[in-house]
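All remarks here apply to the structure that follows.
The values are calculated or read from the model by the stated rules, or taken from the named source; none is laboratory data. From a predicted model like this one, the values you see are computed outputs, not experimental measurements. Note that each Cβ is placed from the backbone with ideal geometry, even for glycine, and that neighbours are counted across all protein chains shown.
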Amino acid sequence: MAGQEKSADQLQDQDERTNSMGLFNMAEAYRLSAEALRKAGVAAGHAESPIRFLYYHAIELYLKALLRLRHDVETIREEYGRKILRLVAEAENLGLVVADEDRKLYELMGDTDAVIDSRYIRTGSKTSPTIDALSRTGQGLRSEVGRLLQKAGVGVRL
């Protein structure tokens, strides 16, 4: 089925099933999983990589939850994809307030290989945000996006 065009019914079904609440709740699952792994305190080898990946993905999903208020799933996939800086810019258009520390983290995610480095073993020097910074940004994004979603009538719990 890869590469096949989706029918109008398939696109409508996908659009109905991938809503702001679902994306927000999935982001929560990734963020809470990162927090749980962090608390487990595994200190061997590349133990921080899965934690980083979970935070990165949670951040992306929180932003997409907000964008879903205005855009359909196909638009988000085609125009924004995983391009964090585009996601953040559009989220700001929708009312997201971005703190300076968070903006630096988003720029790091968008302008470096930090995200891909959390998924694959690559040798050499790397630039990555701290786990604490990822946690703070994830928590702040959760609160801010959750507030905006609630204001729009989406029943998310904070």
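Scanning the stretch 79-111 for residues that are free of Cβ contacts under 8 Å to residues at least 12 places away in the same chain, assigned to a loop (DSSP other than H, G, I, E, B) and either at negative phi or among the acidic types (D, E) (or both) gives a single hit, V98. Return a yes/no flag: does the stretch 143-150 have any residue that is modelled with pLDDT under 95, polar (S, T, N, Q) and either outside any helix (DSSP H, G or I) or more than 22 Å from S33 (Cα to Cα) (or both). There is no residue in the stretch 143-150 that is modelled with pLDDT under 95, polar (S, T, N, Q) and either outside any helix (DSSP H, G or I) or more than 22 Å from S33 (Cα to Cα) (or both).
Residues are listed down the side, and each one gets a yes or a no for (1) part of a helix (DSSP H, G or I); (2) at pLDDT below 95; (3) within 21 Å of V145 (Cβ to Cβ); (4) small (G, A, S):
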{"position": "D13", "(1), (2), (3), (4)": "yes, yes, no, no"}
{"position": "L23", "(1), (2), (3), (4)": "yes, no, yes, no"}
{"position": "Y30", "(1), (2), (3), (4)": "yes, no, yes, no"}
{"position": "A34", "(1), (2), (3), (4)": "yes, no, yes, yes"}
{"position": "K39", "(1), (2), (3), (4)": "yes, yes, no, no"}
{"position": "A44", "(1), (2), (3), (4)": "no, yes, no, yes"}
{"position": "R52", "(1), (2), (3), (4)": "yes, yes, yes, no"}
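Screening the candidates S49, S128 for the property of being more than 26 Å from R17 (Cβ to Cβ), touching a Lys or Arg at 6+ places or on another chain (Cβ under 7 Å) and polar (S, T, N, Q) yields one hit, S128.
Pairing each residue of the stretch 130-158 that is within 17 Å of L69 (Cβ to Cβ) with any residue that is part of a helix (DSSP H, G or I) and of a type in the set (K, R), provided the two are 6+ apart or on different chains, yields C-beta distances under 7 Å for R142/R31. For the residues A47, A40, A58, the requirement of being of a type outside the set (V, I, T) and surrounded by 23 or more Cβ atoms within 10 Å (Cβ to Cβ) singles out A58.
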